[in-house]
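Structure, as structure tokens:
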Amino acid sequence: MNYIHDTIAHLKQTSPAQCEFYQAVEEVLESLEPILENSADYQKNAIIQRLVEPERQIMFRVPWVDDDGNIHVNKGYRIEFNSSLGPYKGGLRFHPSVNASIIKFLGFEQIFKNALTGLPIGGGKGGANFDPKGRSDSEIMRFCQSFINELYRHIGPTTDVPAGDIGVGAREIGYMFGQYKRLTGRYDGAFTGKSLLWGGSLARKEATGYGAVYFANYMLQDNDDSLKGKRCLVSGAGNVAIYAMEKLYQLEAKPITCSDSSGTLYHESGIDVALVKKLKEGARESLAVYLETHSDAKYIACADYPSDGHAVWRFVADAAFPCATQNELTEADARTLISNGCILVCEGANMPSTKEAVDVLLAAKIAYGPGKAANAGGVATSQLEMAQNASMQMWTFEEVDTKLQQIMKNIFDTASNTAAEFDQPGNLVLGANIAAFRRVADAMIEQGVV
Ligand code: NDP
């Protein structure tokens with residue numbers, strides 16, 4: 001275990017104040033213990049030292065002018081972490097909490113997630129500490145254009161292919177692609193998550209949420225169970241949460257909660273997903289507005305959350321789907337879920353459970369699907385979008401959805417079989433990390449010291 005301590009100590013010295021990044025690295029390194037101990041090759045090739053250092057980190061100024069003529073300056077990031085398996089691939093996040101640590105943890109996770117899909121994509125991530133809330137459409141457009149005025153020179157269909165994430169949906173991708181096209185004169189697949197009118201893939205919008213629910217069902221089917229009839233807690237009310245809830249209904253489960261940055265919604269008879277879509281995909285309103293049409297629902301504002309966790313995880317349910325943001329499920333939340341009889345936690349978001357929460361979930365031996373495996377359906381379908389763009393084709397929704405289901409099944413089988421190979425059956429954290437690491441590390445060795 002010395003190498004974990006040494007690696008984290010080294011990172012703290014060379015990349016100070018990046019606690020989310022250390023958290024992500026530590027989780028992966030702990031899982032790798034059984035494979036690193038017995039492989040002189042990985043040690044001789046300094047794989048860990050190379051893996052935790054991004055190939056390239058781009059940080060830049062994003063100046064823009066608001067509707068009243070005031071000038072604002074934000075920080076833009078693109079971390080091109082690892083290209084051993086293919087072009088850098090990963091989303092862009094626009095949220096005030098974005099900083100180098102957040103983007104680096106997301107980029108690090110992305111290397112392993114992309115490797116698990118079995119597709120030829122490397123790991124990257126980017127974004128800006130820009131808050132799109134309350135901004136007009138023209139302000140969003142001007143921000144996206146300024147962001148791309150720097151980023152365009154670093155991206156392209158065979159080098160680095162950004163997509164959406166928190167705060168970045170089809171509208172933002174449209175503005176960024178437009179500016180990229182203007183600056184480069186190229187019409188190519190440099191972005192995924194594009195509109196269906198001009199190069200997007202059917203089922204990409206649904207893919208992360210649908211994929212996480214397929215993954216959960218595969219976990220349950222492994223124990224001769226299924227999602228049918230299960231009461232489910234979902235957090236978030238964005239892209240991932242909405243389509244996770246939609247797929248839960250299709251598989252005859254019932255989502256009874258969702259949440260946003262101002263509070264948690266609880267509806268015992270089942271969340272009205274069409275209404276949440278309307279509130280969030282349209283005018284981007286607070287979930288509190290939901291009560292205007294559903295007076296039997298409850299809304300708990302953030303200020304009333306328990307001091308050691310989140311309201312959304314305190315309801316009695318069979319399964320939990322964190323689909324909002326990092327570290328939104330604490331140790332206390334994990335204990336509450338288990339004592340309330342929850343048998344499955346499946347992560348639609350990236351690193352939504354704290355390290356202590358993961359330890360509790362694993363010790364309880366409930367079905368736990370870590371984000372890098374369970375939410376990989378989004379990036380996998382992005383790669384399907386790249387394949388369609390490169391071959392100038394457009395596949396049907398059913399074709400893409402069938403491929404998505406197969407990819408999620410392969411990821412589940414790979415993580416599950418690898419966990420069993422290392423005598424930890426059911427530990428999908430260990431299985432996913434080792435399986436992904438082997439693919440990336442072996443490719444790095446074959447490509448030499450670069
Ligand atoms: P969206 O921006 O569409 O939605 C995010 C949701 O989470 C919103 O409801 C937002 O609230 C809420 N939220 C965001 N930050 C916080 C916070 N700090 N506290 C409480 N609530 C918060 O993002 P996505 O649905 O795309 O992403 C959700 C998660 O899934 C992220 O972790 C992302 O990295 C991950 N992910 C996304 C993929 C994708 O394809 N989109 C792929 C793989 C992972 P509000 O409505 O108030 O803004």
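The values are calculated or read from the model by the stated rules, or taken from the named source; none is laboratory data. Remember, predicted model here, so these are calculated numbers, not experimental data. Cβ sites come from the backbone with ideal geometry, for glycine too, and all protein chains shown count toward neighbours.
Quick check on segment 113-139: of everything there that is assigned to a helix (DSSP H, G or I) and under 18 Å from the mean Cα position of the chain (by Cα), which residue is nearest to Tyr152 (Cα to Cα)?
Ranking the candidates gives Asn114 first.
Conditions first: (1) surrounded by fewer than 24 Cβ atoms within 10 Å (Cβ to Cβ); (2) in the same structural domain as Ala216 (by TED's automatic domain parsing); (3) among the aliphatic types (A, V, I, L, M). Val345 passes all but one, so which condition is the exception?
Of (1) surrounded by fewer than 24 Cβ atoms within 10 Å (Cβ to Cβ); (2) in the same structural domain as Ala216 (by TED's automatic domain parsing); (3) among the aliphatic types (A, V, I, L, M), only one is false for Val345: (1).
If you check Leu275, Leu248, Leu265, Leu233, which single one turns out to be in the same structural domain as Thr325 (by TED's automatic domain parsing), part of a strand (DSSP E or B) and more than 12 Å from the ligand (Cβ to nearest atom)?
Of Leu275, Leu248, Leu265, Leu233, the one residue that is in the same structural domain as Thr325 (by TED's automatic domain parsing), part of a strand (DSSP E or B) and more than 12 Å from the ligand (Cβ to nearest atom) is Leu233.
Go through segment 278-293 and give me each residue that's within 11 Å of the ligand (Cβ to nearest atom) and assigned to a helix (DSSP H, G or I).
Result: Leu279, Lys280, Glu281, Leu287, Ala288.
From Pro322, Pro306, which residue is within 18 Å of the chain's Cα centre (by Cα) and within 16 Å of the ligand (Cβ to nearest atom)?
The unique qualifying residue is Pro322.
Mind checking which residues of segment 90-112 are outside any helix (DSSP H, G or I) and in contact with a helix residue (DSSP H, G or I) (Cβ under 6 Å, 6 or more places away or on another chain)?
Gly90
Go through (1) of a type in the set (A, V, I, L, M, F, W, C); (2) free of Cβ contacts under 8 Å to residues at least 40 places away in the same chain; (3) crowded, with 17+ Cβ neighbours inside 10 Å one by one and return the number of the condition Phe81 breaks.
(2)
Taking the condition of being out of contact with any His (no Cβ under 9 Å at 6 or more places or on another chain), closer than 17 Å to Phe81 by Cα and assigned to a helix (DSSP H, G or I), how many residues in segment 27-67 meet it?
6
Thr396 passes all but one of (1) away from the ligand (no atom under 16 Å from the Cβ); (2) closer than 22 Å to Pro162 by Cβ; which number fails?
(2)
Out of the residues in segment 40-78 that are among the aliphatic types (A, V, I, L, M) and surrounded by fewer than 20 Cβ atoms within 10 Å (Cβ to Cβ), state the one that is farthest from Asn149 (Cα to Cα).
Ala40
Select from segment 215-230 the residues that are in contact (Cβ under 8 Å) with a residue 40 or more places away in the chain and either within 12 Å of the ligand (Cβ to nearest atom) or buried (at least 24 other Cβ atoms within 10 Å of the Cβ) (or both) and list them in ascending order.
The answer is Phe215, Ala216, Met219, Leu227.
Let's see how each residue does on (1) at pLDDT 95 or above; (2) at positive phi; (3) in contact with a strand residue (DSSP E or B) (Cβ under 8 Å, 6 or more places away or on another chain); (4) within 16 Å of the ligand (Cβ to nearest atom):
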{"position": "Gly167", "(1), (2), (3), (4)": "yes, yes, yes, yes"}
{"position": "Ile173", "(1), (2), (3), (4)": "yes, no, yes, yes"}
{"position": "Tyr180", "(1), (2), (3), (4)": "yes, no, no, no"}
{"position": "Asp188", "(1), (2), (3), (4)": "no, no, yes, no"}
{"position": "Phe191", "(1), (2), (3), (4)": "yes, no, yes, yes"}
{"position": "Trp198", "(1), (2), (3), (4)": "yes, no, no, no"}
{"position": "Glu206", "(1), (2), (3), (4)": "yes, no, no, yes"}
{"position": "Gly209", "(1), (2), (3), (4)": "yes, no, no, yes"}
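Please go through segment 325-365 and pick out each residue that is within 16 Å of the ligand (Cβ to nearest atom) and in a loop (DSSP other than H, G, I, E, B).
Matches in segment 325-365: Thr325, Gln326, Asn327, Glu328, Thr330, Glu347, Gly348, Ala349, Asn350, Met351, Pro352, Thr354.
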